[in-house]
Amino acid sequence: MMDLPISFEDEEYLPLTDTELIDAVCEALEWECNSCGGVGTGSIPEEFSLRATRSISIAAYVRRLYEYLDCSDSVFVTALIYLRRIQRLNGDNRLTYTNVQKLFATATLLALKFHEDEHYANDYMAQIFGMSGLEEINRLEVSMLSLLGFRMSVSAEEFFREKALMMNDLVSSPAVFSTTVSQSLAVRV
């Protein structure tokens, strides 16, 4: 099947509000971490693991990236696709609470560079991601490209499947769904 070009700016078929997008990304990342018990990195290189206990929740971290990156929502959907690919390519690759932040940040960086015409320089991105600097972000970028087999393109089918999964997870998660509905109602009032 041929990959059809997709306009990542035209997402009217499966719209998500900002809050819904952030909630759905957080839900997906939390689920992945919990599915393996949250420990053990498998085959993920150690350089993606945090040196100390994380001081920020997954939700706060995703909100921070969303706030400072000023990018299209498709970047976050694509970042999740990249993380799922890494897991599919090697069943030993697992997202855990020690590696999820650097993995998601690096996947977001790659998705941003692949889809957006303009983006910040890596040294600024390292600050946003909470990394030690340019050397670390460059090393993680190359490492993730290698984990992905340098396959960055995403088909329309793959993109919309991931986004539909995210929306389904929102509806099936009572806590996220009730918060999203409450916030939606508050906006309309």
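Which members of the stretch 137-159 meet the condition of being assigned to a helix (DSSP H, G or I) and in contact with a helix residue (DSSP H, G or I) (Cβ under 9 Å, 6 or more places away or on another chain)? Of everything in the stretch 137-159, those that are assigned to a helix (DSSP H, G or I) and in contact with a helix residue (DSSP H, G or I) (Cβ under 9 Å, 6 or more places away or on another chain) turn out to be Ile137, Asn138, Arg139, Leu140, Glu141, Ser143, Met144, Leu145, Leu147, Glu158, Phe159. With respect to the conditions (1) under 16 Å from Ser35 (Cα atoms); (2) open to solvent by 10 Å² or more (accessible area, probe 1.4 Å); (3) out of contact with any strand residue (DSSP E or B) (no Cβ under 6 Å at 6 or more places or on another chain), Arg51 lacks only one, and its number is (1).
Residues that are in a loop (DSSP other than H, G, I, E, B), open to solvent by 40 Å² or more (accessible area, probe 1.4 Å) and at pLDDT 60 or above occur at least once in the stretch 56-69. Can you find a residue that is buried (at least 19 other Cβ atoms within 10 Å of the Cβ) and touching a Gly at 6+ places or on another chain (Cβ under 8 Å) anywhere in the stretch 122-144? Yes; the residues of the stretch 122-144 include at least one that is buried (at least 19 other Cβ atoms within 10 Å of the Cβ) and touching a Gly at 6+ places or on another chain (Cβ under 8 Å).
Checking each residue in the stretch 75-125 for being touching a strand residue (DSSP E or B) at 6+ places or on another chain (Cβ under 8 Å) and polar (S, T, N, Q) picks out Gln87, Asn90, Asn93. Applying the condition of being open to solvent by less than 10 Å² (accessible area, probe 1.4 Å), closer than 18 Å to Ser153 by Cα and of a type in the set (Ser, Thr, Tyr) to the stretch 70-105 and asking which residue is modelled with the lowest pLDDT yields Ser74. Checked across the stretch 17-25, the condition of being at pLDDT below 80 and surrounded by fewer than 13 Cβ atoms within 10 Å (Cβ to Cβ) holds for at least one residue. The residues in the stretch 107-132 that are under 17 Å from the mean Cα position of the chain (by Cα) and touching a residue at least 12 places away in the same chain (Cβ under 8 Å) can be counted, and the count is 15.
The values are calculated or read from the model by the stated rules, or taken from the named source; none is laboratory data. None of the values given here were measured: they were computed from a predicted structure. Note: ideal-geometry Cβ built from the backbone for every residue, glycine included; neighbour counts use all protein chains shown. Just so you know, the surface numbers come from the protein's heavy atoms only, side chains and all, with ligands and any DNA or RNA stripped out. Shrake-Rupley method; radii C 1.70, N 1.55, O 1.52, S 1.80 Å.
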